[in-house]
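Novice: One structure follows; several queries about it will come next.
The values are calculated or read from the model by the stated rules, or taken from the named source; none is laboratory data. Here the structure is a predicted model, which is why all the values come from computation and not from measurement. Every residue, glycine as well, gets a Cβ built from its backbone with ideal geometry; the counts of neighbours run over all protein chains shown. All accessible areas refer to the heavy atoms of the entire protein, side chains included, with ligands and DNA or RNA removed. Shrake-Rupley method; radii C 1.70, N 1.55, O 1.52, S 1.80 Å.
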Amino acid sequence: MLKVVDIPSLVKQHNSDRYYKAFKTKTHIITMLFGIFSRCDSMTEICEGMRALGGKLNHLGLEKAPAKSTAGDGLRNRDNRFFESLYFDLVKKYQTFLSDSRTYGLTFKEVLLIDSTTIRLFSDVLKGVGRNPKGDGKKKGGLKVHMLIDAVQSVGRFVKVTAAKVHDKNFLKSLELISHSMIVFDKAYNYYHQFALWTHQQVYFVTRLKKNAVYTIIETHKT
């Protein structure tokens, strides 16, 4: 994968190797890919796993496994814009392989999906989910990861991480959608003001009504 995009140019563009003597950008990428493919759950597990395979790291162009503290500093401090550029360069490179023929013939310019997942953390760090978080551990604090997904290519288009207590509808404010695109999401994202703006911009959407929604039936179509 590392040979299909011009990584040195991206490194230079984002100056992502500045201040890093040992943990270069390429080493960072290899380290994270190792963690993903090995299903590691922590930086300790990643670094120890790479250290156990020290005799084979030369095949990846590495002299040794990175130290946990060094890798952790890289994760915290390296500019994420490099990885954003790398991701979208790869999507562009392989877009013909990612396209889904089942969407052939659609009249919309784009078909997009929205979904989220909650990462539970300690309740004393972040406020729990819901209006009345329980104190028995059933509703812990956490982070919520919202993702805008391209339904044709099945890849993420935009990701935003918020505290779990932040209402889902706020994610819609961050989106920049083109006219004549279709977006599909769950009723948790219901936001009528945003719906009005999208209607004016000719952005179409599909969601579910909430039980307490007030509505008027204008027309009924029988199939």
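Novice: Given Lys24/Lys64; Lys92/Lys160; Lys187/Lys222, which pairs have Cα atoms separated by over 18 Å? Mind showing how you got there, number by number?
Specialist: Working: Lys24/Lys64 13 Å; Lys92/Lys160 21 Å; Lys187/Lys222 24 Å.
Violating the 18 Å limit, Cα to Cα: Lys92/Lys160; Lys187/Lys222.
Novice: For segment 1-64, give the percent of accessible area contributed by carbon and sulfur heavy atoms, probe 1.4 Å, rounded to a whole number.
Specialist: Values: 2510 of 4550 Å².
With neighbouring chains kept in place, the figure for segment 1-64 is 55 percent.
Novice: Between Arg120 and Ala22, what FRET efficiency comes out of the Förster formula 1/(1 + (r/R0)^6) with R0 = 35 Å and r the beta carbon distance, rounded to 0.05?
Specialist: Between Ala22 and Arg120 the formula returns 0.55.
Novice: What nm value, rounded to one decimal, do you get for the distance between His167 and Lys211 when each label is placed 7 Å out toward the C-beta?
Specialist: Label at His167, label at Lys211, 1.9 nm between them.
Novice: Here is a further query. Given the peptides 71-77, 38-44, arrange them by the average over their residues of other C-beta atoms within 10 Å, most packed first.
Specialist: Descending packing order for the listed peptides: 71-77, 38-44.
Novice: For Val155, enumerate residues with amide H under 5 Å from its amide H, sequence gap 5+ or separate chain, H modeled in the peptide plane.
Specialist: Asp150
Novice: What is the gain in length, in nm to one decimal, between Lys187 and Phe97 on full extension, counting 0.36 nm per residue of separation less the C-alpha to C-alpha distance? Mind showing how you got there, number by number?
Specialist: Values: separation 90, 0.36 × 90 = 32.40 nm, distance 3.19 nm.
Using 0.36 nm per residue and subtracting the Cα-Cα distance, I get 29.2 nm.
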